[in-house]
Amino acid sequence: MSNQQIVLVIGASRGIGLALVEELAAAPNTLPIGTVRRPSPALDAISNVKVVALDLADDESISKAASALPELDTLIINAGMGQRDPVTSTSTADLATYLNVNVLGPHRAIRAFLPALRARKTRRIIAISSSSGCITQQALPGSIGLAGCYGTSKAALNMLMVQFHNELQGEEPRFTVVPIHPGWVATDMGNQPHLLALGSGGMPPATSAKAILKLVDGLTPEQSATFYRFDGEKMPW
Ligand SMILES: NC(=O)c1ccc[n+]([C@@H]2O[C@H](COP(=O)([O-])OP(=O)(O)OC[C@H]3O[C@@H](n4cnc5c(N)ncnc54)[C@H](OP(=O)(O)O)[C@@H]3O)[C@@H](O)[C@H]2O)c1
């Protein structure tokens with residue numbers, strides 16, 4: 001067994017996922033693996049990164065990726081979709097698309113990569129969630145951000161992570177299962193005009209990615225099933 005840390009970032013073509021892989025590629029003793037749905041010149045330009053095809057909405061592509069990766073220390077599920085889609089004006093079919101990518105996708109991926117995670121001792125599962133999935137904050141008057149369908153899916157993602165934590169806790173070595181809010185980040189998702197109209201804009205992807213990886217690096221199984229902000233602050237569920 002190699003002592004290199006093998007870290008898989010699902011959704012690494014652009015945005016926060018790309019920045020996570022860029023940071024991991026510069027870290028010592030680390031093998032970053034990034035997934036894409038279609039070729040990403042930006043990801044291909046980073047050296048020492050393994051690139052794998054994967055679509056979170058497609059079981060077959062996830063099985064194929066999992067069979068190519070027998071060992072993983074850390075699984076970071078970063079991929080997600082999000083626009084302004086209020087639940088009152090969005091069809092149930094469109095809400096189902098959110099749930100398919102943001103909730104069922106992570107469920108597919110975690111189940112598929114469990115054997116690879118069990119093959120190593122680190123056993124970290126990280127989901128890039130959102131403050132929009134924080135029910136405590138969303139229930140306050142005037143909550144902002146991508147709420148609606150997106151917030152619904154991220155709240156379900158958080159619960160999925162807690163359920164994986166509960167079911168995996170009996171295993172040794174122990175798993176660490178954590179959802180993380182990356183902050184407001186200047187990506188395609190974070191730069192949507194209606195969001196930019198609400199404030200000063202998001203932080204650079206590298207700033208969020210650095211902080212997320214610092215947090216992830218220090219996580220222990222005792223911190224599993226906690227909802228964190230990128231800077232290590234605990235978020236309410
Ligand atoms: N930006 C923010 O301010 C912010 C705030 C809170 C939470 N987040 C969360 O942070 C994560 C990354 O967001 P971002 O801002 O970097 O978004 P982004 O710039 O829109 O990038 C989204 C990434 O997800 C991938 N993706 C989308 N659907 C996928 C699917 N079905 N299968 C596989 N990959 C898929 C995209 O790949 P393609 O290039 O193939 O489309 C892309 O790599 C998301 O989970 C998002 O909800 C972002």
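The values are calculated or read from the model by the stated rules, or taken from the named source; none is laboratory data. Since this is a predicted model, take the numbers as computed values, not measurements. Glycine also receives a Cβ, built like all others from the backbone with ideal geometry; neighbour counts cover every protein chain displayed.
Values for this structure:
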| item | result |
| --- | --- |
| Complete set of residues in the range 80-136 that are among the polar types (S, T, N, Q), under 27 Å from Ala211 (Cβ atoms) and in contact with a helix residue (DSSP H, G or I) (Cβ under 8 Å, 6 or more places away or on another chain) | Gln83, Asn102, Ser129, Ser130, Ser131, Ser132 |
| Meets criteria (more than 9 Å from the ligand (Cβ to nearest atom), closer than 24 Å to Gln5 by Cβ, in contact with a Ser or Thr (Cβ under 8 Å, 6 or more places away or on another chain) and in a loop (DSSP other than H, G, I, E, B)) for Arg174 | yes |
| Residue in the range 66-73 that is in a helix (DSSP H, G or I), modelled with pLDDT of 95 or more and either more than 15 Å from the ligand (Cβ to nearest atom) or surrounded by 22 or more Cβ atoms within 10 Å (Cβ to Cβ) (or both) present | yes |
| Qualifying position, being buried (at least 20 other Cβ atoms within 10 Å of the Cβ), over 23 Å from Arg111 (Cβ atoms), within 14 Å of the ligand (Cβ to nearest atom) and among the aliphatic types (A, V, I, L, M), among Leu43, Leu24 | Leu43 |
